[in-house]
Structures are given as C-alpha cells and as structure tokens.
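Have a look at the structure below, then the notes.
The values are calculated or read from the model by the stated rules, or taken from the named source; none is laboratory data. Remember, it's a predicted structure, so these values are computed and weren't measured experimentally. For neighbour counting, all protein chains shown are included, and Cβ atoms are generated from backbone atoms with ideal geometry for every residue, glycine included. Please note that ligands, DNA and RNA were not included when accessible areas were found on the heavy atoms of the full protein model with its side chains. Shrake-Rupley method; radii C 1.70, N 1.55, O 1.52, S 1.80 Å.
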Amino acid sequence: MLNTTRWPYPRIIAHRGGGTVAPENTLVALRVAASLGFGGVEFDVKLARFGVPVLMHDDTLDRTTDGRGPVVERDAAELRGLDAGIWFANEFAGEHVPTFDAAANLCRSLGLWANVEIKPDADNPEETGRIVAGLAARYWKDASPAPLLSSFAEGALAAAREAAPELPRALLVEDPPADWRRRTEALGCRALHCRHDGITATLVEAAHEAGLGILAYTVNDPGRAYVLFEMGVDAIVTDELRDIRADFLTGGGR
Ligand code: G3P
Ligand code: MG
C-alpha cells in the first residue's frame, strides 16, 4: 500500500525523458512522455562550460549528439549548434541539447513532475550539486510536489542540501551498500534509488521503516515491475513507455 506522505510523486517515471521512444534528455522526450500520459520524468543534468547546467547523461557529447569531446568544454551557444536527435532517428533531427532552464520550464508547463538526477563529472560533484539545486529551487518555487534531486555522487547531494535544503534528495546506488541507512541519514535523504535487480522485499521493508521511499531503476519488463510493486517499491523508472504505461498500476496492468 502506497504511503503518499512517504512518496507523494508519480509511481511510473519515464527514464531520461522519453525512454526508448525519443532521444534521451531532450525537450521532445519530455513532450513524448507527457503525450503518453506520464506524470513524472527522470532526466540527467550536468554542467557545460561556465557552469551552465544542461541535460546530458554522458561526460562527452559523442554518443548522443553530432559533436565530440567533453560537455564541460562547450558553452551553451556551442551546444545549441549540435544535433541531439538524429543519432536516435531521422525524424528527431534538429533537436538540441536543452538547458536545465528550458527543461524545467517545459516540465512546469506540461505539468510533469521531475526527478532531477545530478550527474557531475568526477572532479566537480559539489559545484554541480550546488548549481543544480540552487536553480531547481528557483525554477520550481512553490511547486507541489517539489522535484526530487538524486545523485550517485554524495558530494553533489551534500552541496545540494546546502544550496536548497528545502528540496528533497535521494541517494542513487547500484546494489544497496550495507551502510545505506547511515549514508541516507547523513545526507538528509527521503528516498533510496536502487538498480532494480538488487532490491528485495527485506530491503523495501527496512527502507520504509527508516522512513525512506524506494525507487527501482531501470525496469523495462512488465513482469518485473509487478514483482517490484508487490514487494512494496514506491516507484519505478522505465524506458518502455508503451509496455509499462503511466496507468500500469491503475488501469493498464492490474
Ligand atoms: O536515476 C535512475 C537512472 O537514471 C540512473 O542511471 O545511468 O540511467 O542515469 P542512469
Ligand atoms: Mg539518470
């Protein structure tokens, strides 16, 4: 049974915006998720040159744009000149690398809740956490529910807490470490986000007892999604926006 105080957010969340349906971490991906009925999206934010946050998963441009090299070496104008859609499919040619500002605006106008994953390069977790959290607090001022900031980088979460203590945080892990309670408590987290295959019913129960929400990523098999929800996970992040629909729990699946 979902406790909406613990998890006041959507339970089925589109991974990197549009999952496998649209090029990841783009504005069109957010539009696709909204058009498919999703109420929540996860996307990755990292710093370009001069500390401008943009939506991007990798440290380099090579996989998801027609550019090359580190994201941090390009300023926002240079990034605007790159194509972030054609690698995925010709119909998405002309899509750009969005600024965090543009993505936040679009989420708000589409009514999409956001799980903002802070994705620093290895050498700047605090700076990325501070900038992303400070801007998120401005972009989503008075939003309810507020966006959830998550990161694998504990330094980024600590800096996010300093910059915007009012915004909720989640610790991202692959397999949950033995000391997840201590780590989440030290960072004032309200949730633990784990790779789905490391989650057990015992972990879910212990996380809930600790007052934490628990999110599973990246769940692309509907059968596994059922199992996880039976275990009591609060939310899943999925790429398969058509197989695991936004109404999976209420109408599409059970
Ligand atoms: O936030 C869940 C998931 O996005 C974490 O992994 O590598 O897809 O950002 P990744
Ligand atoms: Mg992510």
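Quick rundown of the values:
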| read-out | value |
| --- | --- |
| Flag if D142 is closer than 21 Å to P8 by Cα and modelled with pLDDT under 95 | yes |
| Cβ pairs under 8 Å, 6+ apart, first in segment 75-101 and on the phi > 0 side of the Ramachandran plot, second in a loop (DSSP other than H, G, I, E, B) and open to solvent by 50 Å² or more (accessible area, probe 1.4 Å) | G94/I86 |
| Residue list for segment 153-186, filter: open to solvent by less than 20 Å² (accessible area, probe 1.4 Å), within 16 Å of ligand 2 (Cβ to nearest atom) and within 26 Å of N220 (Cα to Cα) | R169, A170, L171, L172, V173 |
| Pair list, Cβ under 7 Å, 6 or more apart: segment 183-198 residue small (G, A, S), other residue open to solvent by 10 Å² or more (accessible area, probe 1.4 Å) and assigned to a helix (DSSP H, G or I) | G188/R161 |
| Positions within segment 198-216 being within 25 Å of H15 (Cβ to Cβ) and either within 13 Å of ligand 1 (Cβ to nearest atom) or of a type in the set (A, V, I, L, M, F, W, C) (or both), in sequence order | G198, I199, A201, L203, V204, A207, L212, I214, L215, A216 |
| Qualifying residue in segment 111-128 (condition: within 15 Å of ligand 2 (Cβ to nearest atom), within 15 Å of P53 (Cα to Cα) and in contact with a His (Cβ under 7 Å, 6 or more places away or on another chain)) | yes |
| Tally of residues being in contact with a strand residue (DSSP E or B) (Cβ under 6 Å, 6 or more places away or on another chain) and either surrounded by fewer than 23 Cβ atoms within 10 Å (Cβ to Cβ) or in a loop (DSSP other than H, G, I, E, B) (or both) across segment 20-35 | 1 |
| Yes/no for H15 being open to solvent by 10 Å² or more (accessible area, probe 1.4 Å) and within 15 Å of the chain's Cα centre (by Cα) | yes |
| Residues within segment 163-182 that are closer than 21 Å to D44 by Cβ and either of a type in the set (D, E) or part of a helix (DSSP H, G or I) (or both), tallied | 3 |
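This table checks each residue for (1) within 25 Å of V237 (Cα to Cα); (2) over 15 Å from the mean Cα position of the chain (by Cα).
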position	(1), (2)
P53	yes, no
R80	no, yes
F88	yes, yes
F92	yes, yes
A102	yes, yes
V116	yes, no
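Conditions tested, residue by residue: (1) of a type outside the set (S, T, N, Q); (2) closer than 22 Å to P177 by Cα.
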position: T200; (1), (2): no, yes
position: L215; (1), (2): yes, yes
position: V219; (1), (2): yes, yes
position: G232; (1), (2): yes, yes
position: D239; (1), (2): yes, no
position: I244; (1), (2): yes, no
position: L249; (1), (2): yes, no
